[in-house]
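Undergrad: This structure is in structure tokens; I'll ask about it shortly.
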Amino acid sequence: MKRRDWILGLLALGLVGCGSSSNIVLDPVARGERFSSVLYVEAATSAAMETELKDYFEDELNDYLGERFALGGRDSLTLRYRFVNFNEGNRFKRYLSVGVTNWGEGGLVVETEFLDAEGNLLGKIVTDANVEGTDLGGIQKVFRRAAKKISQFTIEHFSG
């Protein structure tokens with residue numbers, strides 16, 4: 001293989017974004033209640049982050065859930081979430097790692113409780129999302145990944 005091919009291969013690898021997200025169910029959904037509207041409530045957060053990132057997260061939740069749920073209203077499902085941990089990582093290190101290591105990895109852990117209109121707990125999950133490798137999209141991707149995982153769980157268990 002020519003040197004030029006190696007260089008092109010490394011550059012192409014630099015455009016690939018790596019990351020993951022997963023849900024851990026802490027309190028399984030026991031009742032099969034369905035809802036047509038949703039409310040978002042941020043609980044006391046133990047992770048320090050910029051307000052813009054928090055707003056971005058809620059916007060992403062609304063984008064994912066907006067097709068299935070109206071925003072607000074009577075008898076809404078309440079998603080009470082809190083940011084448990086946030087690590088911005090280092091974007092430059094992620095880029096330099098060329099997807100081979102998790103050098104510069106950033107991550108987010110969100111705990112979400114699902115409540116009915118009376119405030120009864122219907123279920124509880126913890127979502128872990130990270131960005132690693134040469135992910136050029138920046139740290140916003142962990143907020144998007146977490147919002148998507150939470151939304152998938154919400155739709156699967158509570159969509160009317």
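The values are calculated or read from the model by the stated rules, or taken from the named source; none is laboratory data. If you're wondering where the values come from, they're calculated on a predicted model, not measured in any experiment. Quick reminder, even Gly has a Cβ in these numbers, built from the backbone with ideal geometry, and neighbours come from all protein chains shown. Note: areas computed on protein heavy atoms with side chains; ligands, DNA, RNA excluded. Shrake-Rupley method; radii C 1.70, N 1.55, O 1.52, S 1.80 Å.
Undergrad: State whether the residues of region 6-21 include one that is closer than 25 Å to GLY119 by Cβ and either modelled with pLDDT of 75 or more or open to solvent by 60 Å² or more (accessible area, probe 1.4 Å) (or both). If you could, list the steps in order and put the result at the bottom.
TA: Of region 6-21, the ones closer than 25 Å to GLY119 by Cβ are none.
No, every residue in region 6-21 fails to be closer than 25 Å to GLY119 by Cβ and either modelled with pLDDT of 75 or more or open to solvent by 60 Å² or more (accessible area, probe 1.4 Å) (or both).
Undergrad: From the residues in region 104-130 that are surrounded by fewer than 18 Cβ atoms within 10 Å (Cβ to Cβ) and within 26 Å of ARG74 (Cα to Cα), which one is farthest from the chain's Cα centre (by Cα)?
TA: Initially, region 104-130 is screened for residues surrounded by fewer than 18 Cβ atoms within 10 Å (Cβ to Cβ), giving 116-121, 124, 126.
From what's left, within 26 Å of ARG74 (Cα to Cα): 116-121, 124.
On the way: ASP116: 22, ALA117: 24, GLU118: 27, GLY119: 24, ASN120: 24, LEU121: 21, LYS124: 15 Å.
Ranking the qualifying residues of region 104-130, first place goes to GLU118.
Undergrad: Restricting to region 23-73, give me the number of residues that are open to solvent by 60 Å² or more (accessible area, probe 1.4 Å), of a type in the set (Ser, Thr, Tyr) and without any contact (Cβ under 8 Å) to a residue 60 or more places away in the chain.
TA: The total comes to 2.
Undergrad: Go through (1) open to solvent by less than 40 Å² (accessible area, probe 1.4 Å); (2) at pLDDT below 85; (3) aromatic (Phe, Trp, Tyr) for PHE86 and report which single condition fails.
TA: For PHE86, the exception is condition (2).
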